[in-house]
Amino acid sequence: MTTDTIRTVPIVIQGGMGVAVSDWRLARAVSVTGQLGVVSGTAVDVLLTRRLQRGDVGGHVRRALAAFPRPEVAQWILDSYFVEGGIAADARFAQVPRHTFASSARLQELTVAAGFVEVFLAKEGHDGAVGINFLRKIELPLPATLYGAILGGVDYVLVGAGSPADIPALVRSLSRHEAVTLTVKVMGARSTDAVGELVFDPAVVLPSPPAPLPLPRVLAIVASTDLARGLAADPLTRPDGFVIEGAAAGGHNAPPRGPRRVDEIGQPLYDERDVVQLEEIFSLGLPVWLAGGYGTPAKVREALAAGAAGVQVGTLFAYCDESGFDADIKADMRARAMTGDLDVRADWRVSPTGFPFRVADIPGTLTDVTVRDARTPVCDLGVLRTPYLKPDGVVDFRCPAEPVAAYLRKGGREANIEGRVCLCNALLASAGFPQRRPSGAVEAPLVTTGADLEHVVELLTASTGPTPGYSAAQAVAHLLAG
């Protein structure tokens, strides 16, 4: 890593949250303060098309696409999705094809462009660092999105929700515009089967690539001393640093070790087996950031005193002015937080990934059983689908949140269905991009947040505007106070 790529190591990393909650606006607002702003790499292809269909207010997407290194790709995307003035209020968004092991060239181009656009806009007009966050479990669009982010000049790549062992090598190859192969777990397939290999060739998108690009740093988001030690031991898998995520973090968390145990409301119970030995990770010689309950000035000082490079914070930024939550949803979250009427819990079942997922109980969202029961299951985005091997040797995809009959027909277990929610549609809805169904029904949101709201309330209470609020810059200043 050269000093040309990154000037300083940040104290504060803004968490990569949800679908479009950590969008380019939030990341940029954090980065201009000198800390690390992070965009979410999840479903950016769908997000790009829906912004264009909404009319691209402000012209931001079109401005970024104008800088994309292959103009004809940018043009077909605009021709296909841009709607001057935006689609009608009762219209449906045009669908984006679902990724497979053999995604079309057009889908790969769209996904690369989407990664580029998100990072380009986050980096525009300043020289601060920008990162992109990936869930390792969302595999099929990962290489294309990552390549687009590297084309956009991303400085950090953060990967969690699974082992990021293959990400450092992937980053190195993509920065040289080389074809890559990503090993994808296929349910029912032996480890020796080749059906789990996803090949992505940048030449599909850029037939005449430019010179090698600056190499971003890779930060592995882990919750295990053993995983961190294993990653650091091999030069091929060694990241440039670690984010150690505790159980208090919002969104997806690593499940507890050992047999599943829950409290009286069904939340996972963690014990000493889940405590990361920080001294051992510090001894690996890489910078470390601490996450999960570190969103206060005192916890920042505590992390630095312990030897950490800094902290990763999500919740405090999720409630700030620039976060990508739908405006009405954010206003409701803020009001409930200030009155103490916001219940946040970790749910074992809600996410199709199988990872515990922290959600807020808010009427009108999918934590409301009546809202959940009223939804007709549909799987039209497929971001969280899992590949599996059919008896005839063909790879197909399934998700426990898809229509029940389809899931069972594909060999899914009935025990996996109860309580599952279509996060793909729900999280896009929480960011203000809900799909409208032919029946007229509109997809309901699901709100994910951490439970450490004391300093959110402190900043909201201290605000002086007509409605409670605070900026990302104020959140950074609060964290670094003292």
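Of note:
- Every residue from the range 372-400 that is among the polar types (S, T, N, Q) and in contact with a strand residue (DSSP E or B) (Cβ under 8 Å, 6 or more places away or on another chain): T386
- Verdict on T49 being modelled with pLDDT under 95 and closer than 29 Å to S208 by Cα: no
- Which numbered condition K330 fails, given (1) assigned to a strand (DSSP E or B); (2) buried (at least 18 other Cβ atoms within 10 Å of the Cβ); (3) without any contact (Cβ under 8 Å) to a residue 24 or more places away in the chain: (1)
- All conditions in (1) surrounded by fewer than 20 Cβ atoms within 10 Å (Cβ to Cβ); (2) outside any loop (DSSP other than H, G, I, E, B); (3) under 22 Å from the mean Cα position of the chain (by Cα); (4) at pLDDT below 95 hold for R172, with the sole exception of (4).
- Residues (under 22 Å from P356 (Cβ atoms) and outside any loop (DSSP other than H, G, I, E, B)) located in the range 440-453: T448
- The range 218-249, residues that are within 20 Å of G153 (Cβ to Cβ) and crowded, with 22+ Cβ neighbours inside 10 Å: V218, L219, P239
Yes or no, residue by residue, for (1) in contact with a His (Cβ under 7 Å, 6 or more places away or on another chain); (2) part of a loop (DSSP other than H, G, I, E, B); (3) of a type in the set (S, T, Y); (4) surrounded by 13 or more Cβ atoms within 10 Å (Cβ to Cβ):
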site	(1), (2), (3), (4)
P400	no, yes, no, yes
Y407	no, no, yes, yes
A426	no, no, no, yes
F433	no, yes, no, yes
P438	no, yes, no, no
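- The range 71-97 residues that are closer than 18 Å to A113 by Cα and polar (S, T, N, Q), paired with ones that are surrounded by 13 or more Cβ atoms within 10 Å (Cβ to Cβ) and at pLDDT below 95 (beta carbon under 7 Å, 6 or more apart): Q95/D380
- The set of residues in the range 360-371 that are within 13 Å of R420 (Cα to Cα) and buried (at least 18 other Cβ atoms within 10 Å of the Cβ) comprises L366, T367.
- Only listed residue being in contact with a Lys or Arg (Cβ under 9 Å, 6 or more places away or on another chain) and of a type in the set (K, R), chosen from R372, R358: R358
- Neighbours by Cβ (under 8 Å, 6+ apart or cross-chain): first from the range 224-247, more than 19 Å from N133 (Cα to Cα) and touching a residue at least 12 places away in the same chain (Cβ under 8 Å); second outside any loop (DSSP other than H, G, I, E, B) and of a type in the set (G, A, S): L236/A169
- Filtered residues of the range 341-361 (kept if over 19 Å from the mean Cα position of the chain (by Cα) and aliphatic (A, V, I, L, M)): L342, V344
- F101 meets the conditions (1) under 24 Å from E72 (Cβ atoms); (2) touching a strand residue (DSSP E or B) at 6+ places or on another chain (Cβ under 8 Å); (3) in a loop (DSSP other than H, G, I, E, B) in every case but one. The failed one is (1).
- Output for the range 178-216, where each listed residue is polar (S, T, N, Q), modelled with pLDDT under 90 and outside any loop (DSSP other than H, G, I, E, B): T183
The values are calculated or read from the model by the stated rules, or taken from the named source; none is laboratory data. Owing to the predicted nature of the structure, the values given are computational and were not obtained by experimental measurement. Don't worry about glycine lacking a Cβ; one is built from the backbone with ideal geometry, like all the others, and counts go over all protein chains shown.
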